Amino acid sequence: MATTLFTQNIIACIWDFDKTLIPDYMQAPLFRRYGVNEANFWNETNNLVSHYRQRGYQLSGEIAYLNHILTHVLAGKMAGLNNRILRECGADIGFYPGMPAFFDRSRAFVHEKPEYRKHEITLEHYIVSTGLAEMIRGSAAAKGVDGIWGCEFVENPLQPGFLEQQEMELAAEAEIAQIGMVIDNTTKTRAIFEINKGTNKNPAIDVNSNIKPEDRRIPLQNMIYIADGPSDIPSFSVVKRGGGKAYAVYNPDSSAEFEQNDRLRQVDRIDHYGPADYAEKSQTSRWLRLQIHGMCDRIVADREAAVAQRVSRPPRHLGAATDAAPESPAAPRQSTFIDEA
């Protein structure tokens, strides 16, 4: 029997991290731990591409800060830095009001009406960040989300000839030595399509596979992408073009961020914007709840319309819809016909 891969009764909120869930950059606790001047680190990072170009090298801006962290490790300024320490530093990340409690609280939005519960609608949260995945995993946000995409470092890199070795000796406490994964503002869209197609739930589904819209786990129209500004335009555009919602947040204390988001709204890059405040009665929390309810209503309507179209009416006795005479009380009762087709 032909069937679809997924029931498509899932809604996804996809979140940026820095300046969206938190007011600062997540690496701040890491820099404090090692006594690295944060402003100086970012100033140097922003100048790496041009300085390397003057020396005849081409450097991707997306990996510049990751390389600069590795350089700090090699130079001894962040000696001993490993993934365990990154997770520990993640525990010191502070969040905007209402976060990360909003993750669990918002899951109740899809249970607030009987018809939502009838169709077993669920809400999932994902973080897709250009920051460090291990720090996010160590933060208070980790337990409230269904998946995390971010940049990764490798400890104990495999040495030449590793395929011929039977066993490899690993140090208990190693330093990060290589870049394992890079998420930039363009490749964030790949993560969106992994969520869309269900690659993150079923590894047998390749993100580049040609999958019909009705077979995708979470349609783009069931997604809300939340981020802080212009760097997320590629992701805003993918979700918005697919029928989903794009929402920008700003620091309530920053007029510049407010004006930036207003410009995004004027050029139709986003559907709406609001302060990065996720408390229960905040504007942003109310807007997200409204959009989630709207998606729930559409899911219910679509699923019930599909049932009406695909389920035929049961057979009736001849003349039952006309002026046929009622059966005699003495007539034997006919058995009920059940259509097994």
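Structural remarks
- Complete set of residues in the range 8-56 that are part of a loop (DSSP other than H, G, I, E, B) and free of Cβ contacts under 8 Å to residues at least 60 places away in the same chain: 35, 36, 37, 55, 56
- Restricting the range 139-152 to residues that are assigned to a strand (DSSP E or B) and out of contact with any Gly (no Cβ under 6 Å at 6 or more places or on another chain), the residue that is farthest from residue 84 (Cα to Cα): 147
- Residue pairs whose Cβ atoms lie under 6 Å apart, separated by 6 or more positions or on different chains, with the first residue in the range 200-220 and over 20 Å from residue 148 (Cα atoms) and the second assigned to a loop (DSSP other than H, G, I, E, B) and at pLDDT below 90, are 214/4; 215/4; 215/5.
- Selection status of residue 315, modelled with pLDDT of 95 or more, farther than 28 Å from residue 193 by Cα and part of a loop (DSSP other than H, G, I, E, B): no
- Any hit, the range 159-171, residues being touching a helix residue (DSSP H, G or I) at 6+ places or on another chain (Cβ under 8 Å), part of a loop (DSSP other than H, G, I, E, B), over 26 Å from residue 15 (Cβ atoms) and of a type outside the set (Phe, Trp, Tyr): yes
- Being surrounded by 17 or more Cβ atoms within 10 Å (Cβ to Cβ), in contact with a strand residue (DSSP E or B) (Cβ under 9 Å, 6 or more places away or on another chain) and either within 22 Å of residue 123 (Cβ to Cβ) or polar (S, T, N, Q) (or both) is a property that holds for residue 192.
- Residue selected from the range 139-167 under the condition of a type in the set (S, T, N, Q) and farther than 24 Å from residue 66 by Cα, by the criterion surrounded by the fewest Cβ atoms within 10 Å (Cβ to Cβ): 166
- Screening the range 278-311 for residues that are in contact (Cβ under 8 Å) with a residue 40 or more places away in the chain and outside any helix (DSSP H, G or I) and picking the one that is nearest to the chain's Cα centre (by Cα) gives 278.
- Restricting the range 200-240 to residues that are of a type outside the set (A, V, I, L, M, F, W, C), assigned to a loop (DSSP other than H, G, I, E, B) and touching a helix residue (DSSP H, G or I) at 6+ places or on another chain (Cβ under 8 Å), the residue that is surrounded by the most Cβ atoms within 10 Å (Cβ to Cβ): 217
- Residue-level check: of (1) at pLDDT 95 or above; (2) more than 21 Å from residue 284 (Cβ to Cβ); (3) under 15 Å from the mean Cα position of the chain (by Cα), residue 201 misses just (1).
- Pair list, Cβ < 9 Å and 6+ apart or interchain, from the range 118-138 residues that are farther than 20 Å from residue 64 by Cβ and in a strand (DSSP E or B) to residues that are modelled with pLDDT of 95 or more and hydroxyl-bearing (Ser, Thr, Tyr): 123/106; 125/106
The values are calculated or read from the model by the stated rules, or taken from the named source; none is laboratory data. Values in this document were obtained by computation on a predicted structure and should not be read as measured data. Using ideal geometry, Cβ is built from the backbone for each residue, glycine included, and neighbour counts are taken over all protein chains shown.
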